[in-house]
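Q: Next up is a structure, given as structure tokens.
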Amino acid sequence: MIKENLKSIQNKLPEHVTLVAVSKTKPIADLQEAYDAGQRVFGENKIQEMVTKYDELPKDIKWHMIGHLQRNKVKYMAHFVDLIHGVDSLRTLQEINKQAKKHNRIINCLLQARIAEEETKFGLSFEEIRNILNSEDYKALENINIVGLMGMATFIDNEEQLTSEFSSLHLLFNELKEQNTDLTTLSMGMSGDYNLAIKCGSNMVRIGSSIFGTRHYFK
Ligand SMILES: *Cc1c(COP(=O)(O)O)cnc(C)c1O
């Protein structure tokens, strides 16, 4: 089913939207099936799990870290990660920079904005995002590049509220792009809300269960 799911989503996505196949908790065989169907961008939310999968799968896969980051684990993915979506502090940017430098790389990052109502969702306020981008501390970091913003909307089936959350981030993205030409990526939208996110300006969607099926978590 994975191949069929992927194809039907790919066919409906506008050309300018990148699909990140979110494969967290799924076995290697599932990722391989998606890979064989042409998918090359995969998203994981645990560094250790991503490293294990990186080691076993073809090396032309682009690995995106979409989860909340533990600073002490950044070093394990610094040699290969393609894009880090969930950056929510300057200290984390500094750690990514330090680890990227060891591998002589420049790692692309997205700042995660808090747009949802839920307190449980991580992220920066819009003011904090503006401050980081304008700070000398950020400008001093030579081995990272902030290439856009990421947001997760409230987990709710209310189109009006989702539209307002996504659109607010799109507005901020447009505002910041005027002064910063590195900003190209707006990562918004998951299985339940990606069509709406795209209407609201997203150009990168992170889709898991609609491709790989429901996730089962084991304790
Ligand atoms: C799990 C996850 C997704 C994908 O969720 P689905 O509803 O399965 O598509 C997207 N973004 C983040 C940050 C996630 O943790």
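Q: Would you mind stating whether E56 is closer than 30 Å to C200 by Cα, in contact with a helix residue (DSSP H, G or I) (Cβ under 8 Å, 6 or more places away or on another chain) and not aliphatic (A, V, I, L, M)? I'd like the intermediate steps shown before the answer.
A: Working: closer than 30 Å to C200 by Cα: no; in contact with a helix residue (DSSP H, G or I) (Cβ under 8 Å, 6 or more places away or on another chain): yes; not aliphatic (A, V, I, L, M): yes.
Considered against the rule, which asks whether it is closer than 30 Å to C200 by Cα, in contact with a helix residue (DSSP H, G or I) (Cβ under 8 Å, 6 or more places away or on another chain) and not aliphatic (A, V, I, L, M), E56 comes out as no.
Q: Sticking with this one: Which one of these does E44 not meet: (1) out of contact with any His (no Cβ under 9 Å at 6 or more places or on another chain); (2) without any contact (Cβ under 8 Å) to a residue 24 or more places away in the chain; (3) within 20 Å of G192 (Cβ to Cβ)?
A: (1)
Q: Another question, if that's okay. Check E95 against each of (1) more than 16 Å from the ligand (Cβ to nearest atom); (2) among the acidic types (D, E); (3) farther than 29 Å from L172 by Cα; (4) not in a loop (DSSP other than H, G, I, E, B) and name the one condition it does not meet.
A: Single failed check for E95: (3).
Any read-out appearing in this document is the output of simple, stated calculations on the displayed coordinates, not a laboratory observation. Bear in mind the structure is a predicted one, so any value in this text is a computation, not a measurement. Reconstructed Cβ throughout: ideal geometry from the backbone, glycine too, with neighbour counts over all protein chains shown.
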